Each structure stands twice: as structure tokens, then as C-alpha cells.
Amino acid sequence: MIKRLLKSVREFKKDALLTPFFVVLEVVMEVIIPLVMALLIDKGIDGQDMAAIWKYGIILVLCAMLALVFGAAAGTFAARASTGFARNLRHDMYYNVQNFSFSNIDKFSTGSIVTRLTTDVTNVQNAFQMCTRIAVRCPVMLVFALFMAMKINSRMALVFLAVLPILAIGMGILMKVVGPVFERAFKIYDRMNTVVQENVRGIRVVKTYVREDHETEKFEGVSGMLYRTFSKAQKTMAGVMPLMQFCMYACMLLISWFGARLIVGGSMTTGELTSMFSYAMQILMSLMMVAMVFVMITMAKASAERVAEILDEQPDLHNPANPIHEVKDGAIEFDDVSFSYKGDERKLALKNVNLHIKAGQTVGILGGTGSAKSTLVQLIPRLYDTTHGTVKVGGVDVRDYDIEALRDQVAMVLQKNVLFSGTIKENLRWGDENASDEELERVCRLAQADEFIQQMPDKYDTHIEQGGSNVSGGQKQRLCIARALLKKPKILILDDSTSAVDTKTDALIRKAFAEEIPDTTKIIIAQRVSSVQDADQIVIACGGGGVPVVRDSHGDYYGVDAVIDKDFASAKLAELLDADMLVILTAVEKVAINFGKPDQKGLDDLTPADARKYIEEKQFAPGSMLPKVQAALSFAESKPGRVALITLLEKAADGISGKTGTRVHQ
């Protein structure tokens with residue numbers, strides 16, 4: 001792990017090496033100072049020799065000044081090396097995160113990644129700085145001071161050796177107890193960051209449901225847990241100082257006792273005893289600093305492991321040895337595709353999917369929530385790799401393409417529409433950074449976004465807040481569609497990307513697609529049947545796979561009878577028509593009431609064609625809803641649609657019979 005982290009030192013290696021060099025020089029000067037002081041006292045003061053006092057006084061000042069210079073140099077190089085190391089660590093982590101596939105990202109929460117990039121890197125930076133300065137200074141000072149003490153009086157220096165085992169045992173217990181506590185604390189940090197991020201991101205929902213108190217309690221809970229965990233660690237670490245002070249004062253007492261006896265006996269001078277006190281302070285302060293270094297390393301160990309997890313995480317998706325850089329066309333093939341997010345074949349999100357889409361076709365995907373619609377399309381730009389089977393684009397397995405080249409030709413508008421802080425132009429140019437203003441306006445007209453942009457004060461230079469919080473959901477969706485179109489892709493995927501726009505705008509977007517980008521393969525995931533009624537194929541996602549319903553050149557749909565029976569088709573399509581149920585049933589009710597009159601046909605004789613004709617003649621629906629009703633009834637003339645509508649009519653009959661004028665949907 002340490003070797004992996006130290007790779008990020010790179011250009012600051014020189015500073016990292018110069019730091020301990022100057023630290024050693026500083027220590028040498030500090031160790032010489034007590035020796036010079038002893039000579040000053042013994043030969044100058046006790047000997048009443050003024051020349052000696054000047055001589056050793058000047059040497060003392062020079063040593064002190066050199067120690068100051070060397071210390072300042074060591075501090076400068078240490079600061080430069082540690083901050084540079086932290087910068088490189090963050091760069092390497094962030095760069096690696098950018099290379100993660102979706103499956104890699106799924107392993108880490110957003111809050112965890114933020115904590116690792118901030119708090120954890122800061123802890124590692126502090127530990128690195130302490131290791132290059134304090135961790136070098138303390139052992140060197142300890143060895144040099146102990147050597148000088150032994151040279152002055154070897155018997156008295158044995159006092160220091162008696163203290164070392166006590167400190168070593170204390171430090172060992174400290175690391176064993178405190179280490180796991182800090183590991184728990186940093187995991188709680190992750191949780192706290194996640195709580196804060198969720199609250200800030202969803203503040204509108206919180207206020208809508210008046211859940212401020214609940215969110216406050218949730219934050220107080222995790223914050224209190226963090227407080228208790230760190231308190232436990234700090235209480236344990238608080239025992240270090242008493243232990244150090246006990247050892248220090250014990251040494252001072254023993255040195256005073258033995259020193260006094262040696263001076264009285266004439267085997268030690270006053271200057272030597274003074275220098276012994278100085279060396280004792282240096283030795284014990286070094287031991288105290290070693291204890292601080294141990295505490296810092298204990299804290300940083302947990303952080304270093306978390307940082308290394310990000311650095312060691314290898315992207316699941318790689319380019320092949322000889323990648324293909326050109327995508328021929330937008331043809332797509334799913335050949336017996338199965339997929340699991342966890343790689344567990346017992347929990348497949350997709351199973352044995354076979355689907356063939358020709359270049360330029362429009363494909364609609366319908367299905368309930370959790371039926372793997374998004375999963376299916378995410379395999380096309382290789383956001384995930386299949387568990388079994390192959391996905392081909394342009395007749396080539398997506399795994400044989402250069403990933404960047406493939407994704408340049410597949411534009412995908414995800415369910416969660418994301419806009420970044422900056423102007424509308426800057427957001428759109430994510431699709432093509434070199435796009436001209438005319439191209440921006442063209443794609444915005446296709447996405448039906450130009451109209452509302454022109455109404456803004458600064459038009460295309462209007463500033464978008466973080467996450468697009470200053471535009472509506474429908475406007476955000478249209479801007480994201482325009483951004484995708486700017487890539488001029490061979491494949492365009494809209495993952496429920498028109499759910500927030502009205503039916504009229506949705507129809508205009510589809511019309512613009514058909515007229516302006518006929519050669520682009522379009523895949524539309526939708527909840528409204530009207531959004532995919534003109535598709536060349538409709539795939540009904542049933543959870544774990546898809547049932548393709550093919551539409552021929554005459555506008556008729558076929559293929560359902562060969563795969564599923566009519567009862568299943570009726571139930572499934574009735575479910576999918578749920579979004580348009582209100583409009584359809586309102587129209588059907590009025591048709592049925594009229595046809596229930598004595599001079600008209602009975603309900604049993606009603607056909608979808610009659611219903612459509614009657615709707616067109618009577619203009620029952622309001623202007624903006626009439627196209628929707630006509631579209632729904634047009635779809636009902638197809639084979640699977642007829643099954644569904646007849647079922648609805650049968651249900652409607654019970655609601656209308658004997659209750660003329662009562663609305664069926666009630």
C-alpha cells in the first residue's frame with residue numbers, strides 16, 4: 001500500500017529527499033549545542049577564562065543560527081513535498097474515477113468518494129509531512145543524544161534505556177486499541193457526507209413533505225455517532241501525555257540524584273550535568289514526538305487504505321489490443337444476451353435477449369418499472385459488458401471497438417438528466433466543443449428547446465445553475481436531447497427522456513427526428529404508447545428480457561401471436577395504455593353513449609374504426625388532446641392494440657350500461 005501511494009510523489013521526490021537531509025543537519029547542530037554549553041561552563045565560567053567564554057559563546061550562537069537555517073529549509077521542503085504529494089494523490093484518484101465503468105462506480109457511494117478525496121487525502125498528507133520531518137528527526141535525535149550522553153557518563157545514560165521499554169509497550173497498546181476506532185470513524189464520515197448530500201440535493205422534496213425535523217434528526221444521529229467514536233479514540237490517546245510525563249520526570253529525578261552524587265564525588269563536572277539535563281530533554285522530547293507520530297500514523301493508516309482502494313480499483317472495461325475506431329452504421333444486434341449487475345447468473349437482469357435493429361430504424365421500448373429497459377440500452381454504448389452473449393453495433397461486437405470511438409457514435413440521454421453549472425452554450429457543447437452557434441440553434445430547434453431559450457434574457461448565454469435547478473424538468477430534458485444531437489450520432493437513445501414534456505412537444509420532437517435525422521437509429525424508452533406509436537419495432541420489456549413486436553411497412557403490427565397469447569397481450573398492453581387511459585376511456589364513453597341510442601349500433605357492434613371516425617366528426621376532445629386520442633385509436637387498429645381496446649370496451653360497457661352520462665374512469 002505504501003509503495004502504491006508513494007508513486008504519487010513524482011516530481012516532488014527531490015523535495016521529499018532534501019527534507020530529511022536538512023533535518024539531520026538541524027539535529028546535529030542541536031546535539032552539539034549542549035556539548036558547547038558544557039565547555040562554556042567548565043572552561044569559561046568555572047575557569048574564569050573570558051577568552052574561552054567568547055570562543056564558546058560565538059560557537060554556540062553559530063550552531064543555533066545554523067540549526068535555525070537548516071530547520072527552516074527542512075520545513076520549506078517538507079511543506080512543498082507534502083502539498084505536492086496530496087495534489088498528485090487527488091489527481092490520480094480523480095483520474096482513476098473518471099476511467100471507472102458503471103460497475104466500478106457502483107462499488108463506492110458518492111459521499112465515500114468525496115471523503116476519500118478530501119479528509120482522507122489530508123490525513124495522508126499530514127502523515128507524510130510528519131514522516132519526512134518528525135519521523136526522521138526523532139530517531140536521529142534519540143540516537144545522537146543518547147550517544148553523547150553515553151560519552152559523558154555511560155552509567156548515568158542507562159537511565160534512558162530503562163524508560164524505553166515502558167514507552168514501547170504503551171505505544172503498542174495505543175495503536176492496537178485506537179486503530180480500529182479510527183477506521184470506524186472514517187466510515188461514519190462517509191455516511192455523514194451522504195446524508196448531507198442527499199439533503200441538499202433533495203431539499204425541495206424535504207420541504208414539500210415537511211420533513212425538516214426528520215432530516216435534522218438523521219443528521220444529529222450520524223453526527224452524534226461520529227462524536228462518540230472520536231471521543232473514544234481521543235480518550236485513549238489522552239493517556240499518552242501522562243505516560244510521557246511520568247517517564248520524563250522519572251528520568252530527571254534519577255539524573256539529579258545520580259548527578260549530585262557524582263559531582264560530590266568529583267567524577268562529574270557541573271557543565272557535564274547541565275549537558276546531561278539537555279540531552280535528557282532531547283531524548284524524552286524525541287520519544288514524545290515519536291508517540292505523536294504513532295498516533296498520526298494510526299489515524300492515517302485507515303485513510304491510506306481507503307485512498308489505496310480508489311487507486312487500486314481497476315476499470316472493468318478495457319480497449320482490445322487492436323481496437324476498431326470506425327463505426328460503420330447504426331445497426332444493432334442482441335444475440336442471446338444475458339446480463340447481471342453482480343455477475344451472478346442466478347440474478348440476471350436480462351436473460352436470453354435476441355433483438356435485431358436495422359440502421360435508421362426507430363425502436364420503442366415499453367415496460368413497467370424495473371423491467372430492465374435502461375439496462376438493455378446501457379449495453380449498446382458498452383457502459384456495462386454482457387454476462388453472456390454479444391451486442392453488435394454496425395455488425396461488430398462492441399467489445400472490439402475503441403470505447404471512446406463507440407461512445408462518440410452513440411448518444412444517450414439518461415433517465416436522470418444532468419446539466420452542469422455554466423451557460424446553455426457551454427452545456428450544449430459537451431456534445432461537440434467546436435460546434436458553431438448555428439449548429440447549437442439547429443439542434444435546439446430539433447429538440448424543441450429553441451423557443452424557450454429565445455425567451456430567456458440572455459438567450460444561449462443564460463447561466464444554468466448546478467444540476468439545472470433554474471430550468472423546469474421538461475426544459476432540462478430538451479436541453480439534454482439537444483446536447484446529444486450535437487454529437488451527430490449514428491445511434492440516439494432516449495431513456496424516458498420526454499416524460500416531463502407535454503404530448504404536443506413530444507410529437508413535435510418525434511416528427512423532427514423523422515424528418516431531420518432519418519439515418520440515425522433511434523431507440524425510445526417511454527411510458528406513453530403515443531411516444532412510440534410510429535416506431536418500426538416495439539419491444540415490450542417483461543423483466544428479464546424483451547418481446548419484440550414488429551411493425552411492417554403498411555403500419556400493421558405482427559409477431560405477438562407467435563410469441564404470447566392474446567390474453568397476455570391484452571393484459572400487458574392494457575397495462576401499458578394506463579397512461580392514456582383517461583383520454584381513451586373518456587372518448588370511448590362518449591362514443592358508446594351515442595351508439596347506445598335506439599337509432600344507432602349497439603355497443604357489441606362498435607369497431608375501433610367507428611370510434612375513430614366518430615371522434616374526428618364530433619371533435620369531442622379539446623384541441624391539444626385530439627391528436628392523442630386519434631393516435632391511441634390509430635394504434636388500436638393494429639392487431640395487438642385491437643385486443644387491448646376491445647378489452648377496455650368490454651370493461652367500459654359495464655360502467656356505461658344504465659348510467660348514461662357517467663364517466664367511465666370514475
Hey, any hits in region 275-288 for a residue that's in a loop (DSSP other than H, G, I, E, B), under 30 Å from PHE186 (Cα atoms), touching a residue at least 24 places away in the same chain (Cβ under 8 Å) and in contact with a Lys or Arg (Cβ under 8 Å, 6 or more places away or on another chain)? no
Find the helices (runs of 4 or more DSSP H) located wholly in region 392-497 whose residues include 2 or more that are under 26 Å from LEU366 (Cβ atoms), and list them. 473-485
Would you confirm whether or not region 336-354 contains a residue that is of a type outside the set (A, V, I, L, M), over 20 Å from ARG407 (Cβ atoms), within 30 Å of the chain's Cα centre (by Cα) and assigned to a strand (DSSP E or B)? yes
Just for region 126-170: of the residues that are open to solvent by 50 Å² or more (accessible area, probe 1.4 Å) and among the polar types (S, T, N, Q), which one is farthest from ALA79 (Cα to Cα)? SER154
Would it be correct to say that GLU198 is open to solvent by 60 Å² or more (accessible area, probe 1.4 Å), without any contact (Cβ under 8 Å) to a residue 24 or more places away in the chain and more than 30 Å from ILE33 (Cβ to Cβ)? yes
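Filter region 409-441 down to residues that are among the basic types (Lys, Arg), over 25 Å from SER499 (Cβ atoms) and open to solvent by 60 Å² or more (accessible area, probe 1.4 Å), then give me how many there are. Don't jump to the end; show me each part of the working.
So in region 409-441, the residues among the basic types (Lys, Arg) come out as 416, 425, 429.
Remaining after also requiring over 25 Å from SER499 (Cβ atoms): 425, 429.
Now narrow it down to the ones that are open to solvent by 60 Å² or more (accessible area, probe 1.4 Å): 429.
Selection size over region 409-441: 1.
Scan region 374-406 residue by residue and report those that are more than 18 Å from GLU333 (Cβ to Cβ) and of a type in the set (D, E, K, R).
Filtering region 374-406 for residues more than 18 Å from GLU333 (Cβ to Cβ) gives 374, 402-405.
The answer is ASP402, GLU404.
Under the condition of being among the hydrophobic types (A, V, I, L, M, F, W, C) and farther than 17 Å from ASP408 by Cα, which residue from region 319-336 is surrounded by the fewest Cβ atoms within 10 Å (Cβ to Cβ)? Outline the logic, then answer.
Restricting attention to region 319-336, the residues satisfying the condition of being among the hydrophobic types (A, V, I, L, M, F, W, C) are 321, 324, 327, 331-332, 334.
Those left that are additionally farther than 17 Å from ASP408 by Cα: 321, 334.
Details: ALA321: 5, PHE334: 24.
Here the answer is ALA321.
Can you go through THR119, THR110, THR115 and tell me which one is open to solvent by 70 Å² or more (accessible area, probe 1.4 Å) and of a type in the set (Ser, Thr, Tyr)? Walk me through how you get there before you give the answer.
Details: THR119 fails: open to solvent by 70 Å² or more (accessible area, probe 1.4 Å); THR115 fails: open to solvent by 70 Å² or more (accessible area, probe 1.4 Å).
Selected residue: THR110, the only one of THR119, THR110, THR115 that is open to solvent by 70 Å² or more (accessible area, probe 1.4 Å) and of a type in the set (Ser, Thr, Tyr).
Residue-by-condition table, conditions (1) among the hydroxyl-bearing types (Ser, Thr, Tyr); (2) within 23 Å of the chain's Cα centre (by Cα):
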site	(1), (2)
ALA372	no, yes
LEU376	no, yes
LEU383	no, yes
THR390	yes, no
VAL393	no, no
ILE403	no, yes
ASP408	no, yes
VAL413	no, yes
GLN48 versus (1) in a helix (DSSP H, G or I); (2) open to solvent by 60 Å² or more (accessible area, probe 1.4 Å); (3) more than 23 Å from ALA72 (Cα to Cα): which is the lone unmet condition? (1)
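The values are calculated or read from the model by the stated rules, or taken from the named source; none is laboratory data. Computed from a prediction, not measured in an experiment: that's the story for all the values here. Neighbour counts run over all protein chains shown; Cβ positions are idealised from the backbone, glycine included. These area figures cover heavy atoms from the full protein model, side chains too; ligands, DNA and RNA do not enter into them. Shrake-Rupley method; radii C 1.70, N 1.55, O 1.52, S 1.80 Å.
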